[in-house]
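Colleague: Please find one structure pasted underneath; my questions will follow.
No lab work stands behind these numbers, since they all come straight from the coordinates. Here the structure is a predicted model, which means the values were calculated and not measured. Cβ sites come from the backbone with ideal geometry, for glycine too, and all protein chains shown count toward neighbours.
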Amino acid sequence: MEVHAPEHPIHTWREFLRHILIVTVGILIALSLEGLVEWRHHRTLAREARENILREITANQRTLKKVLESRERGEQETRAILTYLENRDAAKSRPSELNFSLYTVNAASWNSAQATGALAYMDFDEVQVFAAIYDAQQHFTLIQQQVFRDSMLVGAAPNLEKAGPEELADWRLRVKTRQASFQAELQMAAALDQAYQTVLKDDTGRAATEDNEAASN
């Protein structure tokens, strides 16, 4: 922003005050326009960050549904192994090996919003909700990694037909440990899925309200 000198000499106080008034008004207008441009930029930054985060949460919700479906099958496999160990003589066949897959819930949009400073221009309560969801995602990932480690230990099964009592007892313990971590993962996944549903439902309601307000204006 530049302030130019008057085009002709100032001879009276009246002219001086008039020039000062013009300069002051010009500066105020320039600052107002600059503030408006900056406000619109911040608003756009916040809107884009919100949209990206909600798209990411929607994608993560789809991934989580795959997790819940997969873990339901895994729980059945675990129970089949424990049933087999309880009564091997009556079992008609050896249980199938455990299958386990790692699923990724992403946080790229959330991390990007933090890096760009977009969160500072979003509603505080909304940011708190998003922060809680991504914190829960991190805990879910840690639990998933623990289940994976426990599954690897179970996968190293002894020769069940020739295993002695100590080997079987050790393997049963590993299976039960895996089952416990499995249950913790399922509970965390269910809670995270509920959080996803809530925030996406709230956003749908918020979007409808904004559309109605825009239409009325």
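Colleague: At 7 Å along the Cα-to-beta-carbon direction for both ASP193 and ARG55, put a label point, then send me their distance in nm to one decimal.
Modeller: The two pseudo-label positions are separated by 2.5 nm.
Colleague: Name the residue from LEU142, SER181, ALA131 whose Cα lies farthest towards the positive end of the charge dipole of region 120-184, charges +1 on Cβ of Lys and Arg and -1 on Cβ of Asp and Glu.
Modeller: With unit charges placed on the Cβ atoms, the residue in question is SER181.
Colleague: Taking 45 Å as R0, compute the FRET efficiency from the Cβ-Cβ separation of THR44 and GLU75 and round it to 0.05.
Modeller: Efficiency computed from Cβ-Cβ geometry: 0.45.
Colleague: Determine the gain in length on full extension of the stretch MET152-THR63; use 0.36 nm per residue of separation and subtract their C-alpha separation, reporting nm with one decimal. Spell out each step's value before the answer.
Modeller: Values: separation 89, 0.36 × 89 = 32.04 nm, distance 2.23 nm.
Result: 29.8 nm gained on full extension.
Colleague: Given R₀ = 35 Å, what would the calculated FRET efficiency be for ASN111 paired with THR177, taking r from the Cβ atoms and rounding to 0.05?
Modeller: About 0.60, to the nearest 0.05.
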